[in-house]
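Colleague: So that we are looking at the same thing, I have put the structure below in structure tokens.
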Amino acid sequence: MNQIIDKVLFSEKVAKFVVDAPRIAKSRKPGHFVILRVDEKGERIPLTIAGADPVKGTIDLVVQKMGVSSTKLFDLNVGDFILDLVGPLGKATHIHNTGTILACGGGVGVAPMLPIVEAFKKAGNRVISILAARNKELIILEDEIRKWSDEVIIMTDDGSYGTKGLVTTGAEMVIQREKVNECIAIGPAVMMKFTSLLTKKYEIPTQASLNAIMVDGTGMCGACRVSVGGRTLFTCIDGPEFDAHQIDFNELIVRLGGYAAEEKLANERFLSSN
Amino acid sequence: MSTNKEYLQTERDKEWRAELRKKMPAKDRTAKVRTRMPELDPFVRIQYQDREVNTGLTGQQAQVEASRCLDCINPTCIDGCPVSINIPKFVKYIELGNFLEAAKTLKETSALPAVCGRVCPQEKQCEATCFYTVKLKKDPVAIGHLERFAADYERESGSMSVPEVAPANGKKVAAIGSGPASLSFAGDMVKFGYDVTVFEALHEIGGVLKYGIPEFRLPNKIVDVELDNLQKMGVKFVRNFIVGKTASFEDLKSEGFEAFFVASGAGLPRFMNIPGENYNGILSSNEYLTRVNLMNAASEQFDTPVIKGKNVAVIGGGNTAMDSVRTAKRLGAERAMIIYRRSREEMPARVEEVHHAEEEGIEFMNLANPIEYFADEKGMVNRMRIQRMTLGEPDSSGRRRPIVLEGSEYDIPVDLVIVAVGVSPNPLIPSEVKELKVSKWGTIEVNEETMQSSIPELFAGGDIVRGGATVILAMGDGRKAAASMDQYLQEKMKK
Ligand SMILES: Cc1cc2nc3c(=O)[nH]c(=O)nc-3n(C[C@H](O)[C@H](O)[C@H](O)COP(=O)(O)OP(=O)(O)OC[C@H]3O[C@@H](n4cnc5c(N)ncnc54)[C@H](O)[C@@H]3O)c2cc1C
Ligand SMILES: Cc1cc2nc3c(=O)[nH]c(=O)nc-3n(C[C@H](O)[C@H](O)[C@H](O)COP(=O)(O)OP(=O)(O)OC[C@H]3O[C@@H](n4cnc5c(N)ncnc54)[C@H](O)[C@@H]3O)c2cc1C
Ligand code: SF4
Ligand code: FES
């Protein structure tokens with residue numbers, strides 16, 4: 001059981017939770033995630049560790065309301081408990097000093113990007129971050145990202161904030177302007193797919209952090225399998241970050257819809273029972 | 001174990017045993033037919049995911065069955081038992097009507113008799129080497145059913161004894177994983193007086209016994225009683241804790257843990273790497289069974305989804321395949337099929353499970369192997385291509401090698417495919433502990449006598465050492481490791 005110490009609403013659909021988890025706060029590294037189960041009936045869902053305070057023994061989780069499980073978590077408040085929480089899971093991001101890093105975050109993907117941006121900055125890189133979302137409301141963690149970036153570019157689909165356009169528009173502008181040594185893409189699968197296509201064109205090594213469907217998160221089930229360079233790998237133990245240019249994004253997108261029918265039903269049941 | 005011989009002899013010479021032998025002539029004993037295990041009607045049981053198929057012998061049935069046993073001078077059944085349970089002794093206690101003593105006899109050697117009585121492949125072990133099978137060519141004594149009876153009787157009688165525990169010696173040891181290997185290790189170590197903590201990655205204790213083997217074969221409540229007992233004896237259970245991730249071995253050592261028993265299992269599912277295998281609706285048996293057993297996905301009350309297929313193909317012929325296909329049937333499959341590349345004789349599953357599966361209307365497509373999957377426009381599997389096989393010469397495992405029959409491909413419609421073609425050792429611990437010696441298959445290498453690994457304070461057993469094996473072997477390893485870890489720590493103390 002892990003208690004919620006603080007909750008910050010970023011928008012109607014996105015909130016940050018500070019959760020008591022002293023062991024994980026100590027052992028986690030950028031790129032790691034946790035699996036949690038809100039209650040007895042709950043699903044096990046993966047969430048990236050967006051930050052941690054090893055002294056206070058807390059970790060930060062940023063969650064976006066999607067379906068039943070994320071809504072159940074979103075609805076918890078300070079003082080409530082999360083029934084099960086396990087981590088840190090996955091492989092940590094390979095942080096090194098390479099020169100200029102272009103970090104592209106889409107929607108809630110900005111949350112997992114934050115600790116990575118911080119680590120790359122601390123390792124001595126020049127960091128340019130692009131935050132993209134559908135509208136101004138959905139741009140999150142801007143101040144925190146600014147703290148660890150040399151430059152921040154905001155892109156919104158509707159132009160309600162920053163520049164109007166997709167993440168790739170911003171990215172291409174930077175790439176044409178200056179030498180980018182490495183790129184990171186975290187966000188919806190479609191956004192990562194197009195970012196990857198772009199950086200491939202310019203031959204910039206790119207890491208994408210995948211949000212595959214998971215059950216255990218320990219390599220036991222294979223629900224999270226992805227094709228990378230023609231090989232089947234498990235996102236939870238081999239990832240979640242992979243060489244974006246090798247990832248079969250189309251397969252990932254299809255697999256994310258694997259339980260769409262069941263999820264839709266569950267959500268309808270959930271909404272009508274509340 | 002020949003050192004055992006004398007002990008067996010002394011036990012056999014006891015008066016009550018001698019008298020019991022005289023009570024009935026051997027020819028009357030051998031004239032009896034093996035008692036059938038009462039079971040739920042197949043048409044009824046396929047409607048319930050959680051009703052146990054075998055309902056258990058009555059006391060009277062058990063006594064009749066026990067009276068078939070000849071109490072042999074040379075009890076060959078024991079040779080077939082991986083942990084050398086004193087079989088005639090417990091069986092004769094049942095014949096005598098002293099069921100609690102029978103249970104106690106089992107517990108001298110086996111940590112979880114109620115589990116083993118249900119899941120051991122007896123037909124390959126004790127019952128295969130029973131005098132009836134070997135010499136009389138008759139059905140063996142139903143040793144497994146009797147084991148289950150005695151253990152259930154003890155549990156249900158409410159007089160289940162919590163074993164005595166030696167005074168605490170203040171030494172902390174850890175077990176990693178909470179499957180049968182760890183549970184038996186923990187039971188022994190706590191009896192020796194150690195402060196034992198079991199760390200489990202998942203949110204439930206029990207390993208495969210909980211997330212893998214379904215309710216209709218091994219009810220959770222049976223495992224829970226054992227867990228309760230261990231807890232009463234002082235074993236601590238920590239869930240949601242991955243050793244090597246949540247904390248390292250070094251962290252745990254600095255917290256006072258002096259030795260470790262790694263029993264992290266063989267949880268990594270294998271796939272066949274054939275075209276289309278990553279379509280939706282194709283999953284490993286581990287995923288399918290975990291969703292249903294651990295996450296309760298079949299119930300609408302629970303949030304985890306599971307696909308309820310109408311045409312379900314399960315690839316493989318082991319226990320995992322049988323458990324998956326029978327689960328699919330219970331979740332409403334119209335056609336639940338086993339697709340296995342060899343013939344029925346080579347199937348590694350327990351014979352009883354295959355038999356139950358047949359009664360439940362499972363279709364067996366033997367000598368068949370999938371080669372490709374096809375999907376609809378949404379990426380959902382809807383068809384699979386199968387190739388026929390034939391059997392050639394025996395391979396290294398002694399089983400006849402399946403050979404492809406060229407040009408024999410055919411397609412069948414499917415909407416759910418469960419791949420149950422084996423598991424690999426859990427890579428977590430070996431990848432976190434670089435100095436640990438592992439085989440080319442990824443299993444941890446240990447001294448077979450002591451279960452000690454290349455790192456002195458680290459012992460290992462169960463599937464992480466053997467690859468996918470059995471519950472009883474895992475338990476045996478746990479006991480061996482406990483005995484030698486105890487010795488190791490005592491010697492260390494003397495230094
Ligand atoms: C390694 C990893 C890290 C993640 N980190 C975060 C995080 O920091 N913050 C956060 O909000 N989310 C994160 N996710 C995604 C999060 O786990 C899912 O949003 C959540 O499981 C959805 O559950 P649900 O029951 O609320 O929605 P569901 O009812 O399961 O789904 C609702 C909708 O979301 C889609 N969906 C389902 N699963 C996913 C998924 N894994 N990713 C994207 N869409 C999905 C479905 O297709 C459906 O349309 C992460 C996922 C992974 C694998
Ligand atoms: C579906 C199915 C049916 C089976 N049927 C039979 C049968 O009928 N008869 C039979 O004899 N055998 C059967 N088996 C095999 C039997 O269950 C296994 O051989 C046995 O469970 C192995 O026990 P174990 O203790 O080694 O590990 P497991 O039972 O596999 O338990 C290992 C546990 O360790 C945990 N773990 C792993 N890494 C870590 C870590 N780093 N930190 C903390 N925890 C960790 C895992 O989450 C898991 O719970 C079956 C197996 C399956 C999957
Ligand atoms: S071999 Fe068979 S008949 Fe002989 S003691 Fe063992 S169970 Fe009884
Ligand atoms: S989530 Fe089960 S193997 Fe990755």
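Colleague: So A:Leu166 fits all but one of (1) touching a residue at least 12 places away in the same chain (Cβ under 8 Å); (2) more than 15 Å from A:Cys104 (Cβ to Cβ); what number is the exception?
Modeller: Unmet condition: (2).
Colleague: I'm checking my understanding of the structure. Among residues of the range B:215-239 that are of a type in the set (A, V, I, L, M) and assigned to a helix (DSSP H, G or I), which one is nearest to B:Ala166 (Cα to Cα)?
Modeller: Here the answer is B:Met233.
Colleague: Now a separate question. Are any residues in the range A:60-87 in contact with a strand residue (DSSP E or B) (Cβ under 8 Å, 6 or more places away or on another chain) and away from ligand 1 (no atom under 11 Å from the Cβ), and if so, which ones?
Modeller: Passing the criteria: A:Leu76, A:Asn77, A:Val78, A:Gly79, A:Asp80, A:Phe81, A:Ile82, A:Leu83, A:Asp84, A:Leu85, A:Val86.
Colleague: Here are some residues: A:Glu142, A:Glu151. Which one is acidic (Asp, Glu) and more than 16 Å from the chain's Cα centre (by Cα)?
Modeller: A:Glu151
Colleague: Now for a separate question. Every residue in the range B:268-288 that is touching a helix residue (DSSP H, G or I) at 6+ places or on another chain (Cβ under 6 Å) and more than 7 Å from every other protein chain (Cβ to nearest Cβ), please.
Modeller: Of everything in the range B:268-288, those that are touching a helix residue (DSSP H, G or I) at 6+ places or on another chain (Cβ under 6 Å) and more than 7 Å from every other protein chain (Cβ to nearest Cβ) turn out to be B:Ser285, B:Tyr288.
Colleague: Please specify each residue of the range B:98-128 satisfying the condition of being under 26 Å from B:Thr320 (Cβ atoms), part of a helix (DSSP H, G or I) and among the polar types (S, T, N, Q).
Modeller: B:Gln122 - this is the single residue of the range B:98-128 that is under 26 Å from B:Thr320 (Cβ atoms), part of a helix (DSSP H, G or I) and among the polar types (S, T, N, Q).
Colleague: Here is a follow-up. With respect to A:Met220, determine if the residue is of a type in the set (A, V, I, L, M, F, W, C), without any contact (Cβ under 8 Å) to a residue 12 or more places away in the chain and part of a loop (DSSP other than H, G, I, E, B).
Modeller: Yes; evaluated as a whole, the condition is true for this residue.
Colleague: Could you please let me know if B:Ile46 is within 13 Å of ligand 3 (Cβ to nearest atom), more than 14 Å from chain A (Cβ to nearest Cβ) and of a type in the set (A, V, I, L, M, F, W, C)?
Modeller: It is false that B:Ile46 is within 13 Å of ligand 3 (Cβ to nearest atom), more than 14 Å from chain A (Cβ to nearest Cβ) and of a type in the set (A, V, I, L, M, F, W, C).
Colleague: Continuing with the same structure: For the range B:187-214, what are the residues that are more than 16 Å from ligand 4 (Cβ to nearest atom), closer than 18 Å to B:Ala114 by Cα and assigned to a loop (DSSP other than H, G, I, E, B)?
Modeller: Scanning the range B:187-214 gives B:Ile205, B:Gly206, B:Ile213, B:Pro214.
Colleague: A:Lys200 - would you say it is within 11 Å of ligand 1 (Cβ to nearest atom), surrounded by fewer than 23 Cβ atoms within 10 Å (Cβ to Cβ) and not in a strand (DSSP E or B)?
Modeller: Answer is no for this residue.
Colleague: Starting from residues that are more than 8 Å from every other protein chain (Cβ to nearest Cβ) and more than 24 Å from A:Ile116 (Cα to Cα), keep the ones in the range A:230-252 and report whichever is farthest from ligand 2 (Cβ to nearest atom).
Modeller: Taking the candidates together, the pick is A:Asn250.
Colleague: So which residues in the range B:70-95 are part of a loop (DSSP other than H, G, I, E, B) and in contact with a Pro (Cβ under 6 Å, 6 or more places away or on another chain), if there are any at all?
Modeller: The answer is B:Asp71, B:Pro75.
Colleague: Take the conditions more than 16 Å from ligand 3 (Cβ to nearest atom) and away from chain A (no Cβ under 14 Å) and apply them to B:Ser454. Does it pass?
Modeller: Judged against the criteria, B:Ser454 is a match.
Colleague: Continuing with this model, one more query. Here is a list: B:Pro140, B:Pro121. Which entry is surrounded by fewer than 24 Cβ atoms within 10 Å (Cβ to Cβ), at pLDDT 95 or above, touching a helix residue (DSSP H, G or I) at 6+ places or on another chain (Cβ under 9 Å) and of a type outside the set (Asp, Glu)?
Modeller: B:Pro140
Colleague: For the range B:238-251, enumerate the residues that are within 11 Å of ligand 2 (Cβ to nearest atom) and either surrounded by 15 or more Cβ atoms within 10 Å (Cβ to Cβ) or more than 23 Å from the chain's Cα centre (by Cα) (or both).
Modeller: B:Arg239, B:Asn240, B:Phe241, B:Ile242, B:Val243, B:Gly244, B:Lys245, B:Thr246, B:Ala247, B:Ser248, B:Phe249
Each row is one residue, and each column tells you yes or no for (1) buried (at least 18 other Cβ atoms within 10 Å of the Cβ); (2) assigned by TED's automatic domain parsing to the domain that holds B:Leu106; (3) under 24 Å from the mean Cα position of the chain (by Cα); (4) over 30 Å from B:Ser299 (Cβ atoms).
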{"site": "B:Pro25", "(1), (2), (3), (4)": "no, yes, no, yes"}
{"site": "B:Glu39", "(1), (2), (3), (4)": "no, yes, yes, no"}
{"site": "B:Gln49", "(1), (2), (3), (4)": "yes, yes, yes, no"}
{"site": "B:Ala62", "(1), (2), (3), (4)": "yes, yes, yes, yes"}
{"site": "B:Ile78", "(1), (2), (3), (4)": "yes, yes, yes, yes"}
{"site": "B:Lys89", "(1), (2), (3), (4)": "yes, yes, yes, yes"}
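Colleague: Specify which of the listed residues (B:Lys221, B:Lys172) is more than 14 Å from chain A (Cβ to nearest Cβ), more than 16 Å from ligand 3 (Cβ to nearest atom), surrounded by fewer than 18 Cβ atoms within 10 Å (Cβ to Cβ) and within 19 Å of the chain's Cα centre (by Cα).
Modeller: Of the residues listed, the single one that is more than 14 Å from chain A (Cβ to nearest Cβ), more than 16 Å from ligand 3 (Cβ to nearest atom), surrounded by fewer than 18 Cβ atoms within 10 Å (Cβ to Cβ) and within 19 Å of the chain's Cα centre (by Cα) is B:Lys221.
Colleague: A follow-up question, please. Of the residues that make up the range A:80-88, is at least one without any contact (Cβ under 8 Å) to a residue 12 or more places away in the chain and more than 16 Å from ligand 4 (Cβ to nearest atom)?
Modeller: no
Colleague: How do the strands (runs of 3 or more DSSP E) wholly within the range B:240-320 filter down when requiring 1 or more residues that are in the same structural domain as B:Gly206 (by TED's automatic domain parsing) and within 16 Å of ligand 3 (Cβ to nearest atom): which remain?
Modeller: none
Colleague: Testing B:Arg350 on (1) away from every other protein chain (no Cβ under 14 Å); (2) over 17 Å from B:Met380 (Cβ atoms); (3) crowded, with 23+ Cβ neighbours inside 10 Å, one condition comes back false. Which one is that?
Modeller: (3)
Colleague: Now, a different point. Could you pull out the residue among B:Asn240, B:Asn280, B:Asn286, B:Asn293 that is within 16 Å of ligand 4 (Cβ to nearest atom) and either of a type in the set (A, V, I, L, M) or at positive phi (or both)?
Modeller: After applying the criteria, what remains is B:Asn240.
Colleague: Surrounded by fewer than 19 Cβ atoms within 10 Å (Cβ to Cβ), out of contact with any Cys (no Cβ under 9 Å at 6 or more places or on another chain) and within 11 Å of another protein chain (Cβ to nearest Cβ): does that describe A:Asp39?
Modeller: Yes; evaluated as a whole, the condition is true for this residue.
Colleague: While we're on this one: Can you report the number of residues in the range A:258-274 which are facing chain B (nearest Cβ under 7 Å) and under 13 Å from A:Met66 (Cα atoms)?
Modeller: Of the residues in that region, 2 qualify.
Colleague: Hey, among B:Thr290, B:Thr197, B:Thr246, which residue is among the hydroxyl-bearing types (Ser, Thr, Tyr) and in contact with a Ser or Thr (Cβ under 7 Å, 6 or more places away or on another chain)?
Modeller: Residue meeting the stated conditions: B:Thr246.
Colleague: Okay, next question. Looking at the range A:57-67, is at least one residue in a strand (DSSP E or B), in contact (Cβ under 8 Å) with a residue 60 or more places away in the chain and not aromatic (Phe, Trp, Tyr)?
Modeller: Checked the range A:57-67: at least one residue is in a strand (DSSP E or B), in contact (Cβ under 8 Å) with a residue 60 or more places away in the chain and not aromatic (Phe, Trp, Tyr).
Colleague: Go through the residues of the range A:48-55 one by one and say whether even a single one is free of Cβ contacts under 8 Å to residues at least 24 places away in the same chain and more than 13 Å from every other protein chain (Cβ to nearest Cβ).
Modeller: Yes, the range A:48-55 has at least one match.
The values are calculated or read from the model by the stated rules, or taken from the named source; none is laboratory data. Note that the structure is a prediction, hence the values are computed from the model and not measured. As a convention, Cβ positions derive from the backbone with ideal geometry for all residues, glycine included, and neighbour counts pool all protein chains shown.
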